[in-house]
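Undergrad: Take a look at this one; I'll ask things after.
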């Protein structure tokens with residue numbers, strides 16, 4: 001979690017009215033950049049992170065000391081080539097890596113906990129818009145992100161239709177489905193079931209709902225992988241033993257793997273942030289903002305869209321990505337679409353999937369040449 | 001949970017050696033029957049229940065006062081016609097509806113908790129075999145069950161190849177997949193994360209890990225329904241409100257539904273039984289018992305098989321059911337197979353799915369006429 005070191009922070013002075021009705025001001029947005037902004041300031045790419053991501057897109061994350069979440073895609077000569085582009089990413093509000101969130105203190109120096117306002121994807125992108133002013137960027141070259149990052153991409157171009165030349169939503173949806181909400185609610189219930197959660201006031205009580213948060217992470221993690229991918233990687237392989245032990249320790253590698261994923265997550269993430277960010281995802285319904293007509297969300301933009309889905313992603317399946325393509329096509333927008341063959345499930349966008357990475361690179365570089 | 005009333009119990013005197021190596025004896029098997037055994041004793045159907053089922057197949061369950069879990073399929077003139085057949089179902093060992101399980105006491109009058117031996121699907125069916133002797137049945141007319149019930153069907157006919165004329169595994173698998181194990185492990189972690197679980201000794205500590213058990217149930221419940229079915233039934237419908245409330249109460253009907261499913265489950269199920277039964281499912285790998293050759297499991301039986309899967313079942317998808325068909329075909333067994341079109345997911349076998357119910361009825365009645 002945020003220890004304060006190595007975190008670049010922009011204090012947003014302009015008041016921001018949130019969807020819940022409250023107004024926030026003088027709040028921090030933590031961000032990171034990669035590459036250099038050119039003199040024309042036309043090479044900036046704003047990357048939006050997913051549920052458990054942060055601003056540390058590539059290289060070693062200084063807080064976790066692990067590789068950034070999009071290291072396969074972003075870096076010198078990579079798909080998002082930092083020799084060429086200036087990459088900006090900020091921690092979403094509601095998050096726990098420096099941006100304004102439930103672990104921050106209110107005006108009475110009391111940690112917000114669940115008194116932090118419930119935020120939306122719309123609030124997130126409106127807060128992040130301040131980064132353009134900060135860097136003096138009139139128009140981004142591209143905006144991109146996968147999963148919840150893709151939701152922010154869609155919301156951003158809807159809110160600021162002339163602020164990006166290209167738009168790349170990946171493995172995402174324009175509206176959270178009942179199954180998506182169900183899995184998020186499961187995670188929230190796991191956290192709030194932990195007696196150490198203490199109605200969100202765990203920090204002042206010097207406790208930590210780590211067990212509940214770990215269960216939430218395990219549930220989510222299963223949804224990030226495909227059934228086939230899990231079977232191929234783990235199957236029924238045993239964990240450092242010759243045979244079943246007839247007990248409740250982790251006999252199978254998949255059990256051990258899930259437990260590990262849960263335990264390392266707790267070291268880097270805040271339970272209340274998990275509640276807030278999943279809530280924002282569940283509230284996301286872009287079509288509803290336009291009386292049920294998704295096309296209307298994009299009617300004012302001339303941006304060039306490229307939408308990417310993955311065959312084995314059952315969390316945000318190809319059909320939900322295609323629904324965005326259809327909405328764009330119906331208003332004659334400039335839109336490309338590719339479904340990438342992968343058995344790595346929803347996580348494909350984070351992994352070394354060469355067809356995906358080359359599609360992303362080709363779209364960006366070709367579009368940049370047209371500049 | 002078992003309150004003792006209205007529970008028929010058979011005490012099994014014959015020692016049973018479990019797969020874990022321990023031997024149990026003089027243990028109870030709680031059962032229920034429907035219809036009448038005919039004089040030739042050739043009309044008995046042994047039904048095996050799924051993870052959270054019990055012996056109360058149809059009519060009002062005297063413990064929960066709700067409809068039995070297979071009321072759509074079993075009853076007078078129904079698919080499994082109790083005017084014609086004698087239906088027997090028993091609570092699995094490890095369960096909590098009267099059969100020998102972790103809430104029972106050991107020889108020192110101490111509640112077993114996690115000192116109860118880890119049991120397997122093989123142990124379950126070996127224990128249930130005693131019911132045939134009890135009723136003086138030499139050969140069953142049929143054995144059937146869905147999900148974990150289907151696993152017991154497969155194991156039973158493998159262990160006792162001449163003890164059933166027909167065999168109907170439904171929505172099941174011959175080997176628990178990595179994803180299946182992952183979801184079960186998630187449920188176990190949710191239970192053991194509850195501080196009231198107390199290493200399984202919650203009863204003697206006068207606590208109840210109800211929150212953890214509810215989370216486990218919610219996780220499982222999502223897997224029982226299809227994405228499409230959830231979307232059609234719930235979508236993004238709000239729960240008794242005009243608009244989002246910007247809080248963490250259940251805004252969406254799907255949230256409210258899941259919370260309800262979790263809460264009612266806790267009233268009828270025991271947390272340790274949930275651990276034991278999911279463990280038995282995860283351990284199930286029928287092919288492994290025959291050196292990886294599933295066909296060998298069935299080589300000694302002349303029974304007539306009928307295998308049923310559902311299009312939208314992603315927990316035990318059609319392919320895993322087909323694998324059983326293939327294994328049977330490869331040894332020239334008498335096997336029929338049908339994939340039923342349904343958007344109700346894995347739960348289809350429990351619901352009013354007319355194509356399924358008529359297929360089941362037709363197979364049984366035609367096979368019985370051949371008697």
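Undergrad: If a/c stays under 1.5 just call it rounded; otherwise compare a/b with b/c (prolate if a/b is bigger, oblate if not). Do that for segment A:104-205, with a ≥ b ≥ c from the square roots of the Cα gyration tensor eigenvalues. Intermediate values should be presented prior to the final figure.
TA: On the way: a/c = 3.56, a/b = 1.53, b/c = 2.33.
Cα axes put segment A:104-205 in the oblate bin.
Undergrad: If you don't mind, there's one more thing I want to ask. Along each of the three principal axes of the Cα atoms of the protein assembly as shown, give the extent in whole Å, ordering the values from largest to smallest.
TA: 94, 53, 52
Undergrad: Oh, and also: Can you tell me which of B:75, B:345, B:235 moves the most in a GNM of chain B? Springs connect C-alpha atoms under 10 Å apart.
TA: Sorting by GNM fluctuation, first place goes to B:235.
Undergrad: Further, regarding this structure: Placing the label point 7 Å from Cα along the Cα-to-Cβ direction, what are the distances from residue B:115 to the equivalent spots in the other copies, shortest first, in nm to one decimal?
TA: For residue B:115, the other copies' label points sit at 4.9 nm, shortest first.
Undergrad: Please state the relative contact order of segment B:16-93 as a whole percent: Cα pairs under 8 Å, 6+ residues apart? Don't jump to the answer; show the numbers that get you there.
TA: Numbers: 123 pairs, mean separation 31.7, N = 78.
The value is 41 percent.
Undergrad: Can you give the Kirkwood hydrodynamic radius for segment A:1-153, in Å, rounded to one decimal and based on Cα pairs? Intermediate results must be reported in sequence, preceding the final value.
TA: Values: mean 1/r = 0.0633 Å⁻¹.
One over the average 1/r among Cα pairs gives 15.8 Å for segment A:1-153.
Undergrad: Turning to a different aspect of this structure: Over chain A, calculate the relative contact order: mean separation of alpha carbon pairs under 8 Å at least 6 apart, over the residue count, as a percent. Walk me through the numbers before you get to the answer.
TA: Details: 734 pairs, mean separation 66.6, N = 371.
Relative contact order of chain A: 18 percent.
Undergrad: Could you work out the pair-distance distribution P(r) of segment A:185-278 from its alpha-carbon pairs, with 5 angstrom bin width and percents rounded to whole numbers?
TA: 3, 13, 20, 20, 15, 13, 9, 5, 2, 0
Undergrad: Still on this structure, I have one more. Name the shape class, rounded, prolate or oblate, that the alpha-carbon gyration tensor gives for segment B:280-321, where a ≥ b ≥ c are the square roots of its eigenvalues, rounded holds for a/c under 1.5, and otherwise prolate holds if a/b is larger than b/c and oblate otherwise.
TA: On the way: a/c = 2.57, a/b = 1.31, b/c = 1.95.
The shape class here is oblate.
Undergrad: Can you give me the pair-distance distribution of segment A:14-66, C-alpha pairs, 5 Å bins, whole percents?
TA: Result returned by the calculation: 4, 13, 17, 17, 20, 16, 11, 3.
Undergrad: In the protein assembly as shown, what percentage of the DSSP-assigned beta bridges are antiparallel, given to the nearest 5?
TA: Numbers: 30 of 80 bridges.
About 40 percent, rounded to the nearest 5.
Undergrad: With a ≥ b ≥ c the root eigenvalues of the C-alpha gyration tensor of chain A, is it rounded (a/c under 1.5), prolate (a/b larger than b/c) or oblate? All intermediate terms of the calculation are to be shown ahead of the outcome.
TA: Details: a/c = 1.56, a/b = 1.19, b/c = 1.31.
Cα axes put chain A in the oblate bin.
Undergrad: Inter-copy label distances at residue B:62, 7 Å along the Cα→beta-carbon direction, one decimal in nm, shortest first?
TA: Nearest to farthest, the other copies are at 7.1 nm.
Undergrad: Can you give the Kirkwood hydrodynamic radius of segment B:221-371 from its Cα pairs, in Å with one decimal? Working shown, then result.
TA: Details: mean 1/r = 0.0535 Å⁻¹.
Radius from the Kirkwood sum: 18.7 Å.
Undergrad: GNM, chain A, Cα, under 10 Å: largest mean-square fluctuation among A:226, A:273, A:204?
TA: Looking only at A:226, A:273, A:204, the biggest GNM fluctuation is shown by A:204.
Undergrad: Restricting to Cα pairs below 8 Å that are 6+ residues apart, what does the relative contact order work out to for segment B:180-278? Please round to a whole percent.
TA: So the answer I get is 29 percent.
Undergrad: Taking residue B:260 in one copy and the same position in all the others, each labelled 7 Å out along Cα→Cβ, what are the pairwise distances from the first, in nm, shortest first?
TA: Here the equivalent label points are 4.1 nm apart from this one.
Undergrad: Of all beta bridges DSSP finds with both residues in chain A, what is the antiparallel percent, to the nearest 5?
TA: Details: 15 of 40 bridges.
Roughly 40 percent of the DSSP beta bridges within chain A come out antiparallel.
Undergrad: When A:221, A:49 are ordered from fewest to most other Cβ atoms inside 10 Å of their Cβ, what list results?
TA: A:221, A:49
Undergrad: While we're looking at this one, here's another question. If neighbour count is taken as other Cβ atoms inside 10 Å, put B:183, B:135 in order from fewest to most. Write down the numbers at each step before the final one.
TA: Details: B:183 22, B:135 17.
In increasing order of surrounding Cβ atoms, one gets B:135, B:183.
Undergrad: Can you name the residue in chain B whose Cβ lies closest to the B-to-A rotation axis, and give that gap in whole Å?
TA: Here the value is B:195, 2.
Undergrad: Tell me, A:283, A:316, A:129 in order of fewest to most beta-carbon neighbours within 10 Å?
TA: Details: A:283 23, A:316 26, A:129 19.
By the 10 Å Cβ count, ascending, the order reads A:129, A:283, A:316.
Quick note: the coordinates plus some simple rules give every number you see, no bench work behind them. Small disclaimer: the values here were computed from a predicted structure and weren't measured. In this analysis, Cβ positions are derived from the backbone assuming ideal geometry, glycine residues included, and neighbour counts consider all displayed protein chains.
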